[in-house]
There are 2 protein chains.
Amino acid sequence: MARAASTKGRTRIQREKTEQILDAALEVFSTYGFRGSTIDQIATEAGLSKPNILYYFDGKEAIHGVLLDRLLHKWLEPLNQLTDSDDPTREICDYVMRKLEMARDFPRESRLFANEILQGAPRIHDQLTGSLKTLTDEKATLIQHWIDKGKIAPVDPHHLIFSIWSTTQHYADFDVQVQSVLGDKSEQRFEIAADHLNKMFRAVLKK
Amino acid sequence: MARAASTKGRTRIQREKTEQILDAALEVFSTYGFRGSTIDQIATEAGLSKPNILYYFDGKEAIHGVLLDRLLHKWLEPLNQLTDSDDPTREICDYVMRKLEMARDFPRESRLFANEILQGAPRIHDQLTGSLKTLTDEKATLIQHWIDKGKIAPVDPHHLIFSIWSTTQHYADFDVQVQSVLGDKSEQRFEIAADHLNKMFRAVLKK
DNA sequence: TCTGTTTCTGACCATATGGTCAAGACTATG
DNA sequence: CATAGTCTTGACCATATGGTCAGAAACAGA
């Protein structure tokens, strides 16, 4: 087994190189998808030789696997922060903003996820029906409570969450399209998107 | 040059086989992306031999190219139908429904498009900044007119369109995730989505 | 049925790709 | 500064993949 996989970054070099490789791999995988990426591409991007990459990781799948693991944790975080509050509309809009910030600051992670889902989620199907479903159901129940208490307008909680995911992730996954369509006005796309989404979800939730 | 490319389906066999190949290719490309797909996969899916595929098409790129061409036309159609009307809210919601129907009835096309955009749209970048931008700008202007006339609430037209694209296409591109999260309730996902999106965009546009 | 054309395929080629390995280079520590 | 352990790489292998080609099989019209 490769060093890095077993001993989690024992030496300084191991920690550095491992991160270097993972960063390069994220760049490549998020752009070309798993099958479309080659170890050589990752090696070039990382400024290392191919055998050197394979000294730290057991293979292409192993690198991809580590990236997906990290991703899923990061992905659930913003939703985790959604809790009960006196101002549910604000609580939900805050979540929208957190997701939009992630699309802006971590577009590669978003695209890695999108690629995986598009291909039928072969490697993360269990997490989708497991931890993701559990967490989503939990938050959907919370939203339903708010509706029952008359604090927000009646909406299907699950589909509201889907709308939040899709509208925010769109600015990462479809960035090329967004920029192409906006042309020279694409500079402030995230500010305008924030304003627009804020308005939109407030309107939906308003009684 | 391959037969099918030059003479547009002259004989019966040419028309049939060409369609057969394109259908198989759509299935494969939409699932694995361009680089992740092989001619052998397409051949197997189509029930033909690899050389036979290459008898009808000049290569992998050529097949993909034809699919993208057809796709783009189909993709712009629903937006094209958005025209001036006494009831702009209804007009926009109708567009949302048309897009949602496309996500339901042509998920492979949606995923093919998503794959292409995700990878930076190397093959359709010109169309994005060309015909897509032109059409989108045109419809954005129309929406702005409606706003100026006070017929709908003020929204950023471009970002409204992005929201429509993302929320509807989500049900095709992220179907695995949607089904995983909804679990046994995923059967009626499109009906509930239609209801939800209808409500949502009505709320956004309401003055 | 004959014949020119279209359709199809097994065998083949060049290159790309994931992965291995032995040996050399480097590094930390006594 | 010696040396045990860590790190790196050129050369190599097996397989996958895009694509070619000569000739066989099927077909359509006379």
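Since every read-out is calculated from the coordinates, none of them should be taken as a lab result. Note that this is a predicted model, so its numbers are computed, not measured. As a convention, Cβ positions derive from the backbone with ideal geometry for all residues, glycine included, and neighbour counts pool all protein chains shown.
Per-residue answers, yes or no, for (1) surrounded by 19 or more Cβ atoms within 10 Å (Cβ to Cβ); (2) β-branched (V, I, T):
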{"position": "B:E138", "(1), (2)": "no, no"}
{"position": "B:W146", "(1), (2)": "yes, no"}
{"position": "B:T168", "(1), (2)": "yes, yes"}
{"position": "B:A172", "(1), (2)": "yes, no"}
{"position": "B:Q177", "(1), (2)": "yes, no"}
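For region B:1-108, which fully contained helices (runs of 4 or more DSSP H) count at least 3 residues that are over 30 Å from B:A194 (Cα atoms) and away from chain A (no Cβ under 14 Å)? Even if it seems obvious, please write down each step before you answer.
Numbers: elements: B:3-6, B:12-36, B:39-46, B:50-56, B:60-80, B:88-105.
Qualifying helices (runs of 4 or more DSSP H): B:3-6, B:12-36, B:39-46, B:50-56, B:60-80.
Residue check: is A:L132 within 22 Å of B:G183 (Cα to Cα) and either surrounded by fewer than 16 Cβ atoms within 10 Å (Cβ to Cβ) or hydrophobic (A, V, I, L, M, F, W, C) (or both)? Show your work before the answer.
Values: within 22 Å of B:G183 (Cα to Cα): yes; either surrounded by fewer than 16 Cβ atoms within 10 Å (Cβ to Cβ) or hydrophobic (A, V, I, L, M, F, W, C) (or both): yes.
Taking the combined requirement at face value, the residue satisfies it.
Every residue in region A:35-49 that is more than 12 Å from DNA strand D (Cβ to nearest atom) and crowded, with 20+ Cβ neighbours inside 10 Å, please. Give the derivation first.
Narrowing region A:35-49 to residues more than 12 Å from DNA strand D (Cβ to nearest atom): A:37, A:41-42, A:45.
A:S37, A:I42 - these are the residues of region A:35-49 that are more than 12 Å from DNA strand D (Cβ to nearest atom) and crowded, with 20+ Cβ neighbours inside 10 Å.
Restricting the search to region A:10-68, which residues are more than 10 Å from DNA strand C (Cβ to nearest atom) and of a type in the set (D, E, K, R)?
Matches in region A:10-68: A:R10, A:R15, A:E16, A:K17, A:E19, A:D23, A:E27, A:E45.
Scan (1) surrounded by 14 or more Cβ atoms within 10 Å (Cβ to Cβ); (2) more than 16 Å from DNA strand D (Cβ to nearest atom); (3) closer than 26 Å to A:V178 by Cα for the single condition A:D105 breaks and write down its number.
With (1) surrounded by 14 or more Cβ atoms within 10 Å (Cβ to Cβ); (2) more than 16 Å from DNA strand D (Cβ to nearest atom); (3) closer than 26 Å to A:V178 by Cα applied to A:D105, the lone miss is (1).
Got a sec? Which helices (runs of 4 or more DSSP H) wholly within region B:116-207 have at least 1 residues that are more than 22 Å from the chain's Cα centre (by Cα), touching a residue at least 24 places away in the same chain (Cβ under 8 Å) and at the interface with another protein chain (Cβ under 7 Å from one of its Cβ atoms)? Explain how you work it out, then say what you get.
Details: elements: B:133-148, B:157-173, B:175-182, B:189-205.
The qualifying helices (runs of 4 or more DSSP H) are B:189-205.
Would you mind stating whether B:K74 is more than 16 Å from DNA strand D (Cβ to nearest atom) and closer than 21 Å to A:Q169 by Cα?
On the way: more than 16 Å from DNA strand D (Cβ to nearest atom): yes; closer than 21 Å to A:Q169 by Cα: no.
Considered against the rule, which asks whether it is more than 16 Å from DNA strand D (Cβ to nearest atom) and closer than 21 Å to A:Q169 by Cα, B:K74 comes out as no.
Just to be sure, is B:E16 exposed (fewer than 13 other Cβ atoms within 10 Å of the Cβ), within 16 Å of DNA strand D (Cβ to nearest atom) and of a type outside the set (S, T, N, Q)? Lay out the reasoning, then the answer.
Numbers: exposed (fewer than 13 other Cβ atoms within 10 Å of the Cβ): yes; within 16 Å of DNA strand D (Cβ to nearest atom): yes; of a type outside the set (S, T, N, Q): yes.
Considered against the rule, which asks whether it is exposed (fewer than 13 other Cβ atoms within 10 Å of the Cβ), within 16 Å of DNA strand D (Cβ to nearest atom) and of a type outside the set (S, T, N, Q), B:E16 comes out as yes.
Between a first residue in region A:26-42 that is farther than 14 Å from B:S37 by Cα and a second residue that is outside any helix (DSSP H, G or I) and near DNA strand C (Cβ under 8 Å from one of its atoms), which pairs have beta carbons less than 7 Å apart while being 6 or more apart in sequence or on different chains?
Listed pairs, sorted by first residue: A:V28/A:S37; A:F29/A:S37.
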